[in-house]
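As structure tokens, the structure follows; a few thoughts come after it.
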Amino acid sequence: MMDINWNKDAETKFNQLIEKIPVFLRDVAAEKVSKRAQGFAQQENRMEMTEKDLVDALFKETPFGFHGPLKTDMQVVGIDYTKYGYEK
């Protein structure tokens, strides 16, 4: 398996967003989002996970009912998720 890491900016935002998740869900959420983002990078044969991978993984792994707060959290950390095809 390839060793895929976050690019620095995406990693910073990933960590900021994970901090906003309740403590009892944090580890599971971090693992699921990270694995999903890694899968997106692998599909495109990239060695680095990007902000787009992070956004796609967050939307896939977050239950729909929590997309509103997720969008707010993304805006707070400086992610414009609309540029990746998601609606406000």
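The values are calculated or read from the model by the stated rules, or taken from the named source; none is laboratory data. If you're wondering where the values come from, they're calculated on a predicted model, not measured in any experiment. Every residue, glycine among them, receives a Cβ derived from its backbone with ideal geometry; neighbour counts consider all protein chains shown.
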For segment 9-31, give me each residue that is acidic (Asp, Glu) and farther than 20 Å from THR50 by Cα.
ASP27
Out of all the residues in segment 13-28, which are surrounded by fewer than 16 Cβ atoms within 10 Å (Cβ to Cβ), part of a helix (DSSP H, G or I) and in contact (Cβ under 8 Å) with a residue 40 or more places away in the chain?
GLN16
Only one of (1) free of Cβ contacts under 8 Å to residues at least 40 places away in the same chain; (2) surrounded by 13 or more Cβ atoms within 10 Å (Cβ to Cβ); (3) among the hydrophobic types (A, V, I, L, M, F, W, C) is not met by ILE79, so which one is it?
(1)
Return the pair list, or none, for Cβ contacts closer than 7 Å from residues in segment 43-57 that are touching a residue at least 40 places away in the same chain (Cβ under 8 Å) to residues that are of a type in the set (Val, Ile, Thr) and surrounded by 13 or more Cβ atoms within 10 Å (Cβ to Cβ), at least 6 apart or on different chains.
MET47/ILE4; GLU48/ILE4; MET49/ILE4; GLU51/ILE79
When segment 39-84 is checked residue by residue, the ones that are more than 20 Å from GLU19 (Cα to Cα) and either of a type in the set (D, E, K, R) or not in a loop (DSSP other than H, G, I, E, B) (or both) are GLY39, PHE40, ALA41, GLN42, GLN43, GLU44, ARG46, GLU48, THR82, LYS83, TYR84
From the list GLU51, GLU31, which residue is surrounded by fewer than 16 Cβ atoms within 10 Å (Cβ to Cβ), modelled with pLDDT of 95 or more and acidic (Asp, Glu)?
GLU31
